[in-house]
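Note sheet for the following structure.
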Amino acid sequence: MQKLYKIMLSVLLIGVFSASLDAQALSKERINKVLKEAYDKYKGDMGGANADYIKALAIVNPNIFGITLVDTKGNIYEYGDTKEQVSIQSISKVFTAALVMSERGVKFVQKRIGVNATGAAFNSIIAIEQHGGSALNPFVNAGAIQSTSWVKAQNSDARWAKIKANMSAYAGSKLQLNEDVYISEVNDNKRNQAISKLLDAYGRMGSDPLEATTVYTKQCSLNVSAHDLAVMASTLANHGQNPVTKEHIISYKYTPKIMAIMATAGLYDNAGDWLYDTGAPAKSGVGGGILAVIPGKFGIGIVSPPLDKYGNSVRAQLAAKYIIKNLHLNPLAQ
Ligand code: GLN
């Protein structure tokens, strides 16, 4: 009897102890402390280089470094240059794919675009050829231009307006076009034009390929800050409701599907390493932003322009990994 009593007491104590550890892990002080640690630890890391295949990206200040977390109640934690803006680039692909999914359904995205990894660079042409004209997923350029082409609209101006309004709703602020980046990329996007034409030859485009490429280029040129990215990510973490503005942007039916593609292909051909290290669905862009989702808990947005060879921000990855590890946020370890 006494033995049973002792066992029950220790079970109770373990329960109380782990609950207090959990509460401590998620206290405001703890979160702010870990963000500051991540910032201080990596601020001096000079690894990587700005993207320069889009000329306007080469001259963005490489020292920008901002980290924001938004929880699913709408509480905001931030450190560093969290209001500095960079172009969203590939991170936009998540939200346009989500729009197509909500307009045309999950099967449409799976069958028409695909949800598998390419194992190739984000702007690969050979990957399309090797897979019989399939882009494989909406987060490589091919699949993203395809998504843009399938957004329901009367014409390309209406398509652009819808895409911009959709991303702004996720961010809870009116996102603005970065004219310099747009002009620089639109005059130099022959490769993306070629991709769109190739997909069109395979009968995969929903509207005129070159028009879709131009709208896609605009969506990539919207300015965002770490703060914006974290709010966008927190909307996915919060089952489609923006926790700051409280607006319902997308049905909870679609957010697990979008996050599954982020887990598979969010960091391009380095997505496996990222998932292995963090367990978190995420998406990067060559502007230097990364957003990561901790489902049901947090959205993380980080901006730092210098990139690794895959096109992923060096410091944003390091800081996100540090935060996820030290706040015990790995969704696969819950
Ligand atoms: N606009 C860029 C492009 O089409 C986006 C690429 C990226 O962020 N990986 O190349």
Check: C-alpha center the range 170-184 vs C-alpha center the range 61-91, spacing in Å is 15 Å
Enter the mean projected area of the convex hull around the alpha-carbon atoms of the range 273-321, in nm², rounded to one decimal.
-> 3.0 nm²
Computed helical MRE - 222 nm, the chain, DSSP H runs ≥ 4 contributing -39500 (n - 2.57), nearest 500 | -15000 deg cm²/dmol
What the Cα atoms of the chain span along the principal axes, largest first and in whole Å, is 78, 42, 37
Burial ordering of R112, R30, fewest other beta-carbon atoms within 10 Å first | R30, R112
Measuring from label point to label point, each 7 Å out along Cα→Cβ, what is the S173 to Q334 span in nm?
-> 2.7 nm
FRET efficiency, 1/(1 + (r/R0)^6) with R0 30 Å, evaluated for D208 and Y276 via beta carbons = 0.15
Can you tell me the relative contact order of the chain? Whole percent, Cα pairs under 8 Å, sequence separation 6 or more.
-> 26 percent
D for the range 56-187, whole µm²/s, Stokes-Einstein with Kirkwood Rh over alpha-carbon pairs at 37 °C and 0.692 mPa s: what number?
-> 196 µm²/s
For the range 172-329, the Cα-Cα pair-distance distribution in 10 Å bins from 0, as whole percents, is 11, 33, 37, 17, 2
Rounded to the nearest Å, what's the spacing between the alpha carbon centres of the range 266-300 and the range 39-55? Just the number, please.
-> 17 Å
Kirkwood radius from Cα pairs of the range 177-220 plugged into Stokes-Einstein at 4 °C, 1.567 mPa s, gives D in µm²/s equal to 122 µm²/s
Where the only charges are on Cβ atoms (+1 Lys, Arg; -1 Asp, Glu), what is the dipole of the chain about its Cα centre, to the nearest 20 debye?
-> 1000 debye
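Charges only on Cβ, +1 for Lys and Arg, -1 for Asp and Glu: so what's the dipole of the range 186-303 about the Cα centre, in debye to the nearest 20?
About 220 debye.
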Compute the acute angle (0 to 90°) between the alpha-carbon long axis of helix 314-326 and the principal axis of greatest extent of the alpha-carbon atoms of the chain; round to the nearest 10°.
-> 30 degrees
The range 120-214: equivalent-ellipsoid semi-axes (sqrt of 5 x gyration tensor eigenvalues, Cα, Å) | 24, 15, 13
Picking from A265, N238, A280, whose Cα lies most toward the positive end of the charge dipole for the range 200-289 (charges on Cβ: Lys, Arg +1; Asp, Glu -1)?
-> N238
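Can you tell me the relative contact order of the range 178-268? Whole percent, Cα pairs under 8 Å, sequence separation 6 or more.
That works out to 19 percent.
We did not get these values from a lab; they are worked out from the coordinates using the rules stated. Quick caveat, the model's predicted, so the values are computed rather than measured. Every residue, glycine among them, receives a Cβ derived from its backbone with ideal geometry; neighbour counts consider all protein chains shown.
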